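Shown next, in structure tokens, is the structure this report addresses.
The values are calculated or read from the model by the stated rules, or taken from the named source; none is laboratory data. It should be emphasised that the depicted structure is a prediction, and the values quoted were computed from it without experimental measurement. In this analysis, Cβ positions are derived from the backbone assuming ideal geometry, glycine residues included, and neighbour counts consider all displayed protein chains. With ligands, DNA and RNA removed, areas are computed over all heavy atoms of the protein, side chains included. Shrake-Rupley method; radii C 1.70, N 1.55, O 1.52, S 1.80 Å.
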Amino acid sequence: MTAVLFDYPKNAAFGRVLPKNKIYEHGSPSAAVKQLFVRQIDQIVWQHKLAPETVNLKASKAVPEIQIFSITLKGDELKPEVLQCIDLAIPFPIIFELRFDGKVKPVAAFKRPSEADTSKWVISEYFDGDWTAADSSRKPLPMVFDLEALYGHLLLPLMPYPARPGEDLQVRVERMERIRLKQRELERCEARLRKEKQFNRKVAINADLRELKNELENLTIRSL
């Protein structure tokens, strides 16, 4: 998916290097995740802070601020467990920009306060764009009235399927997650079919495959 990079206003520039040990303090990563931080990340920079005082947009409980983090990588891969650890450590929605070898890739999860405990955050799966040249032209921020609407606009280009009419951000994210789940089920089903030797079992698996493909099609079409 073609990456959409936004041009964040100079007023919102923060530009602070974030030491990994600060993330460890608040994100409580396992030893294995700490190893990933060491192996995969060169530097984390808290690049921009989109807040009422920096972008002149109203905050809400769900989106009090939006942080833009730039992560310079040692290779072209970053495991989602690392991003999740950072998201758990920072109590605001975050848009990540991964950087490697003169290229940049936006990545983010939809992050919202938990309904059961508003001091905790619920984090969706991660969505990303393609790698693109770091000096690519950037789009101006959309014209919106509050940070919650801005957050939606920053996330939308990262999602693989278009929104349905009247579909809010949370519902759309949940549909994207169901699509991924069905795609994984479909891959497992296709693998079973390739291994199966018995004709009657192949017939049954083919029926399952048809049903999964129908379910996937219903989830991915623009409207019902």
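Taking the Cα centre of the range 1-70 as origin, work out the dipole magnitude from +1 charges on Lys and Arg Cβ and -1 charges on Asp and Glu Cβ, in debye rounded to 20.
Numbers: 9 positive and 5 negative charges, 29 e Å.
With only Lys, Arg, Asp and Glu charged at Cβ, the dipole is about 140 debye.
Would you work out which of 183, 107, 162 lies farthest towards the positive end of the dipole of the range 82-224? Charges go on Cβ: Lys and Arg +1, Asp and Glu -1.
The one lying farthest along the dipole's positive direction is 183.
Taking the Cα centre of the chain as origin, work out the dipole magnitude from +1 charges on Lys and Arg Cβ and -1 charges on Asp and Glu Cβ, in debye rounded to 20. Can you show the working numbers first?
Details: 36 positive and 31 negative charges, 121 e Å.
Roughly 580 debye, rounded to the nearest 20.
Roughly speaking, what is the centre-to-centre gap between the range 153-174 and the range 186-213 when only Cα atoms are used, to the nearest Å?
31
From the backbone phi of the range 108-120, what are the Karplus-calculated ³J(HN,Hα) couplings (6.51 cos²θ - 1.76 cosθ + 1.60, θ = phi - 60°) in whole Hz, Gly and Pro given as x?
Using θ = phi - 60°, the values come out as 6, 10, 7, 10, 9, x, 5, 6, 6, 8, 5, 7, 10 Hz.
Per residue of the chain, what 222 nm ellipticity follows from adding -39500 (n - 2.57) for every DSSP H run with n ≥ 4, rounded to the nearest 500? The partial results should precede the final answer.
Numbers: 7 runs with 90 residues, N = 224.
The helix-only estimate for the chain comes to -12500 deg cm²/dmol at 222 nm.
Would you mind counting up the charge near residue 100? Only other residues with Cβ under 12 Å from its Cβ, with Lys and Arg at +1 and Asp and Glu at -1. Walk me through the intermediate numbers first.
Values: positive: 74, 99, 103, 105; negative: 42, 76, 77, 97, 101.
Result for the local shell: -1.
In the Gaussian network model of the chain, springs joining C-alpha atoms below 10 Å, which of 13, 204, 163 carries the largest mean-square fluctuation?
Highest fluctuation of the listed residues: 204.
If you place +1 on the Cβ of every Lys and Arg and -1 on the Cβ of every Asp and Glu, how big does the dipole about the Cα centre of the range 38-117 come out, in debye to the nearest 20? Walk me through the intermediate numbers first.
Working: 11 positive and 11 negative charges, 25 e Å.
The dipole of the range 38-117 has a size of about 120 debye.
Keeping all protein chains in place, calculate the accessible area per residue for the range 2-141 (probe 1.4 angstrom), answer in Å².
52
Please figure out what share of the DSSP beta bridges in the chain is antiparallel and state it in percent, rounded to the nearest 5. Mind dumping the intermediate values first?
Numbers: 24 of 33 bridges.
Bridges in the chain that DSSP calls antiparallel: roughly 75 percent.
Determine the share of the chain's accessible area contributed by carbon and sulfur atoms, expressed in whole percent, with a 1.4 angstrom probe.
51
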